[in-house]
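Working notes, beginning with the structure itself.
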Amino acid sequence: MAGWLPASLEADYRVIEALPARGGEADLYVVEPRDPADAVRRVAKVYRQGIDPKEGVLERVRDADPGHLVHVEAYGQDAGRSWVLMEYVERGSLRMFIDRQGPQLSDAVVLQVLRQLNEALTGLHRLGMEHRDLKPDNVLVRSRAPLELVLSDFGIASVMEATVHFTATARTIRYAPPEAIGGVVADEADRRGMVAIEHTTWDYWSLGMMLVEMLAGAHPFAGLSEALVAHQLATRNVDDLTEGISDPDWRRLCRGLLRRTPAARWDAEAVARWIADPRDPRLVIAEDALPAEDAGAPRHTPPMYFNGAAYTTADELGAALSREWRLAEEFWRRRYGEILTWLADGLGLPDLRAAVARIDDGIVSLDAQVFSFIHHLAPHAPPRFRDEDISPETIASLGERAVRDSDADAADTLLALYRGRIPMLAGALPNGEGFPEISDRWDSIVEEYRELGQRLRAQGAPEPHDDQLALLLAASLPDSPLVAALRDHAWDACTEDAWRCRWYRDLGSPDTASVAALVMLPYLRTAAERHGRAAKARPLRGCVGGLVTGGVFGRLVAWADAADPGTGIFNPPGFQDASVWGGVALLLLLVIVFGVAVSWYGRPSYGGAADEVSSLPASPWRGLLQRDEPGREEGE
Amino acid sequence: MARADTFKRDVAPVRRAGLVLEVTAVTHRGRVREHNEDTIGVGRWTCGDTMAAPRRSVHDFADARLVLVADGMGGHAAGRQASRRAALTMQRLTLDDGERPEVGDALRTVNRELFATAAAEPALRGMGTTIAGILALADRIVWFNVGDSRVYSVRQEFLRQLSVDDVPAWAGPGSGRITQALGGADAFQEIRPHVGSQSARAGRRYLLCTDGLTDAVPIETMERALSHNDRAFARELLDSALAAGARDNVSIVLASVRTGAVAG
């Protein structure tokens, strides 16, 4: 048989037959040892001049466990040509096996093939190599019963970089992943480093295509030209590739392997888990990027994944986030670094990236951060907050629900809107009609509320709680139905005892009181009632004190009242003028002690403003007062 | 009692001269592993041995300060070597006088050197490590990671993850699978480090940790301890990981940007 063997091989082997060589990178010969004691035939691969396999890789392959890889026995170089001596696998390829047994193979046989190829790929990848041309023709049958398969021709990508120009023509793209043809989403994502790619995912796409072919009985691209296959890979949704498989478990496996995005593609471990249990809940089919043309996005944009879908524009992502507030919050907290990189490097929008990064510095409330983030991405999306479209009307309705129906969720949302100053943020949006007005009016009512609070504090009333301002927000609308609800509740809060309290009365009648005062009346009711009840007891105490102690005790009482001006109105002035009787000074020291005791007894108890607030009766906005949710507010 | 207006910028820029980095660091072999393959680094100090208690130190901002965690892999000796070598090389590249490379380039250099070392020493073949850390420059904090070790920005009531996990999309974090590392393969593989930066402001607080913490302790549990001071927070996180079985080595580093004098 004709054929040229390098001298170092020629000494020990003779050529039996030349094998059809693919791609023109090397000549392949079946050789036989000249030593009659060794009857085992081998294959000699003699490379063309200038093509040199990487020695380190060959060494690793030679020393590797031959398990499911074609065994490399020796290698060398002669007269400028490299050669490799390897195992001769006589029983043909998996292609021939399929042609003979198929076209459709039984599940049991496919499972055997899958198991062995997964082991083979794992072994290959462990050596730091990828196959990159996995197809039935490159899988050889070492034994038929039991079926034993080995990988061959695994040198293309890693062993010989120099062979690309030869092998590119030999490699069929029917088993090649979308990234192989270039110009697709995933490839770009890989190149830009947006998605960390395991470098072995290429072969798992090929494995997926082989499985589809064996299970469905036909290759999905059968009969198509290479150009058409390339076009389909670049532009078509790949999910329909698995349509020919009837068994749902097998189809799921193939869908996992045939993911357009390399990072989403199932790999060795996923396959091993599927083999152990095809319904292993840990196995998830990651949502895939759409082909670039279908997505209507500029090509080469890496996708951002959210809630099982891939997005290639900030607008789309923003809109999706606004529909899933809780997930959006999680996304904002956990994938912050990723989103910034995507905006700047993936979408090429450094200004948007900078604006989004500033949210973290400028806004403290987490809710407000999420709102701001979403609407930075999608400024024209209708304002949404916590899964609800918000408008001036919906805010008013939240207030009404919180007050009339004691709706805790509504009160909670209102509080969050207030704390995050969402109306102000919404006012800056293109779709934020009505919000700037609300925001202004709210500001002025808040100012009034604060002034009123200051005045009341000076008179001994408890500190107003800032969360009340949430109600003011809802009441800021012209003709807000909340105002009527507030009036009703304010009337309920005007009990006889409360009304004895001067500063409480000063807030005005619920019919005429300002919105700020209407919010305060029910809130301050308990405190006012205490003052009022204390005041009822006061006239008697003043009388006794005046009669008994004269001037000195009278001054003590006056001092006590000065410290509690809220009740002073019920101490008729005439009793304090009883000091004219004081000149008598009977048993002065003893009486002073007695008087001080009485004065303390008659003094209203000050448990402190906090105590009084917490003992509020069930008020409609008690929820607002007590809700102090962690995680809704932040600061550094 | 009065809740101040919460919508204010409470992270005020502070004069550079007054900024210090206060670091609280601890590493532990956990409850199952016999050895610690993690390495933590603070400035030029590194530690890969189980520590009895978190170590606290304060650093001037005048010089660049590097704080990192690295989770070695590849068997006891190799893993330990990988994380330690990565930490030392990173320190040399970013802290030594002379021309300092960008953080991404420094990480690529660390990766190359690890592969070179592994090629030269058969016992270290395949050694690899994750890395996550921050570099405090005069006016910026640069964060970085390769692999699944993490950098969080610690906010008052939640943790914000700055780093990007290099894990397969199908598996998610906690699967123990990573898609890239420094070293960690038989043949050289280039890496794509994740790098970002924030302005350096007093009040910023960062948590760096290996997956020995994040796999063992749910994020919600971690967030419940946020109100503690750094030392108590680090202690609490470590205790939670140990209580959860700590199947892996655990490393926790808290770095807080503050105003004040360097205490030592």
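Readers should treat all values here as calculations from the given coordinates under stated rules, not as data from a laboratory. A quick note: this is a predicted structure, and the numbers were derived from the prediction, not measured. All Cβ positions, even for glycine, are placed from backbone atoms using ideal geometry, and neighbour counts span all protein chains on display.
Here are a few things to note about the model shown:
- At least 20 Å along the helix axis (C-alpha) and Kyte average at least -1.0, DSSP helices within chain B: B:76-95, B:103-120
- Distance distribution P(r), the stretch B:33-259, all Cα-Cα pairs, bin width 5 angstrom from 0: 1, 7, 15, 21, 21, 17, 11, 5, 1, 0 percent.
- Remark: mean inter-chain Cβ contacts per residue of A:405-412 equal 0, using a 10 Å Cβ-Cβ cutoff to other protein chain atoms.
- Taking amide H positions as modeled 1.01 Å from N, with prolines and chain starts lacking one, the residues under 5 Å from A:TYR88 and 5 or more places away or on another chain are A:VAL43.
- Annotation: peptides B:122-135, A:247-260, B:91-104, ranked by per-residue average of other Cβ atoms within 10 Å with the highest first, follow the order B:122-135, A:247-260, B:91-104.
- Inter-part distance, the stretch A:210-254 to the stretch B:206-264, computed on C-alpha centroids, equals 48 Å.
- Distances between placed amide hydrogens fall under 5 Å for A:LEU19 paired with A:LEU28, A:TYR29, A:VAL30, all partners being 5 or more residues away or on another chain.
- Here r is the Cβ-Cβ distance between A:ILE16 and A:MET96 and R0 is 22 Å; the resulting FRET efficiency, rounded to 0.05, is 0.65.
- Computed extension length for A:GLU393-A:ASP249: 46.8 nm, one decimal, from 0.36 nm per residue of separation with the Cα-Cα distance subtracted.
- Three-way shape call for the stretch A:383-493 based on the alpha-carbon gyration tensor, with the a/c threshold at 1.5: prolate
- Calculated P(r) of the stretch A:11-133 - Cα pairs past 25 Å, %: 34 percent
- The stretch B:108-243: C-alpha gyration tensor shape, a/c 1.5 cut-off, then a/b vs b/c: prolate
- Rounded FRET efficiency, nearest 0.05, which uses the C-beta distance separating A:ASP440 from B:ARG92 and R0 of 60 Å: 0.55
- Think of the stretch B:33-186 as a dipole: +1 on every Lys or Arg Cβ, -1 on every Asp or Glu Cβ, centred on the Cα centre; then among B:PHE115, B:ASN145, B:GLY183, B:ASN145 lies furthest on the positive end.
- Between A:LEU228 and B:ALA119, the distance separating the two model label sites (each 7 Å from Cα on the Cα→Cβ line) works out to 4.6 nm.
- Stretchable slack from A:GLU330 to A:GLU73, in nm (0.36 nm times residue separation minus alpha-carbon distance): 87.0 nm
- Under a model in which nothing but the beta-carbon of Lys, Arg (+1) and Asp, Glu (-1) is charged, the stretch B:33-259 shows a dipole of about 460 debye around its Cα centre.
- Note on B:ALA53 and B:ALA138: with the Förster distance fixed at 25 Å, the Cβ-Cβ geometry gives a FRET efficiency of about 0.20.
- Straightening the chain between A:ASP65 and A:ASP409 buys 117.4 nm, computed as 0.36 nm per residue apart minus the Cα-Cα spacing.
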